[in-house]
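A short write-up of the structure that comes next.
A short reminder: the numbers here are calculations on the coordinates, not readings from a lab. What you are looking at is a predicted structure, and each value in this text was computed from that prediction instead of being measured. Cβ placement follows ideal geometry from the backbone for every residue including glycine, while neighbour counts extend to all protein chains displayed.
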Amino acid sequence: MALISPSPLRLGTRGSPLALIQANMVRAALIAAHGLADTAIEIVPIRTSGDRIQDRALAEVGGKALWTKELDRALLVGEVDFCVHSMKDVETIRPPEIVIAAMLPRADVRDRLIGAPSVEALPEGAVVGTSSPRRAAQLKRLRPDVSTTLFRGNVATRLAKLEAGEAQATLLAAAGLDRLGQPGIGATIPIETMLPAPAQGAVGIEARADDAATRALLAAIDDRDTHDCVLAERALLAALAADCRSPVGALARLDGESILIDAEILTGDGSESRAGQLRIARGAPDDAAVLAKALLADAPPALAALFGG
């Protein structure tokens, strides 16, 4: 497919090192899929509120919209033609004028622990840096003696905080470390020990709903397996009415011609949790709501109160 316009397509992205790597992954995939010239796609870094505000938890300053609102504005006013996101940072409910047009093949979904060879090996009373309610809750369930402290910022910033002694360990996504060329850092935590965040490891590309030409261009690089699984995880989140304060892990995987979803919800201190599994048909992501409703129906009041809006 050839570009009709002589002007380059503009790809909006956050300006962090990882975000720029992911934007270049999208650019390279499009160039390869369509035989485009190197100049056909221009990467446009956009500084987001989430990048500016580093000293407070997301829940205190606007939630996941801190990662998307400036990119959404640029997309809707036509300053960029499409945007790339880490899908775990994208709000569950999106503006109707914006669609998730494609996703790249999913990377490693697991977390890595930096600072100790395993959760069990953390020193008694260790402090672990994280900004994730899910990671904090799962960690406290495994090790009630461990406490957490807020670690915000990009990967390099968090590793620098760890090196400076602000915590004994930290947790980071394996996908991000791998993409940054740091695959050897940290101990990979099994999914059975810590279920990942919904959409972890997935890179998504959004476009304007009414821009058929760009959507068709992006469709050529869409990994349908990743897309189907991530949409199921996002549907589960929507049915839970979960926000950035809600500790929830979820992972959907292909199993034959269907999708198997594992999910768990937790209280902030990990003392209460409920987990479940559901099989749904491909192409029917909203059926994941059945699992969300079952988890909430079985949850004690303190846990259920963290969900449902």
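Within the range 73-82, is there a residue that is of a type outside the set (Val, Ile, Thr), surrounded by fewer than 22 Cβ atoms within 10 Å (Cβ to Cβ), touching a strand residue (DSSP E or B) at 6+ places or on another chain (Cβ under 9 Å) and in a helix (DSSP H, G or I)?
Yes, the conditions are met somewhere in the range 73-82.
Listed residues 265, 280; which is in contact with a Phe, Trp or Tyr (Cβ under 7 Å, 6 or more places away or on another chain), in contact (Cβ under 8 Å) with a residue 40 or more places away in the chain and either within 22 Å of residue 201 (Cα to Cα) or assigned to a strand (DSSP E or B) (or both)?
None of the others qualify; the one that does is 265.
Give the residues of the range 104-135 that are outside any loop (DSSP other than H, G, I, E, B) and out of contact with any Leu (no Cβ under 9 Å at 6 or more places or on another chain), sorted by residue number.
Result: 127, single match.
What pairs come out if I take residues in the range 145-165 that are in contact (Cβ under 8 Å) with a residue 40 or more places away in the chain and pair them with residues that are loosely packed, with under 15 Cβ neighbours inside 10 Å and of a type in the set (Asp, Glu) whose C-beta lies under 9 Å away, six or more apart or interchain?
150/55; 152/55
Is it the case that residue 162 is surrounded by fewer than 24 Cβ atoms within 10 Å (Cβ to Cβ), in contact with a Phe, Trp or Tyr (Cβ under 9 Å, 6 or more places away or on another chain) and under 14 Å from residue 113 (Cβ atoms)?
Yes.
Would you point out which residue out of 199, 238, 187 is in contact (Cβ under 8 Å) with a residue 12 or more places away in the chain and buried (at least 19 other Cβ atoms within 10 Å of the Cβ)?
None of the others qualify; the one that does is 199.
So how many residues does the range 168-184 have that are in contact with a Phe, Trp or Tyr (Cβ under 6 Å, 6 or more places away or on another chain) and either in contact (Cβ under 8 Å) with a residue 60 or more places away in the chain or aromatic (Phe, Trp, Tyr) (or both)?
Result for the range 168-184: 0.
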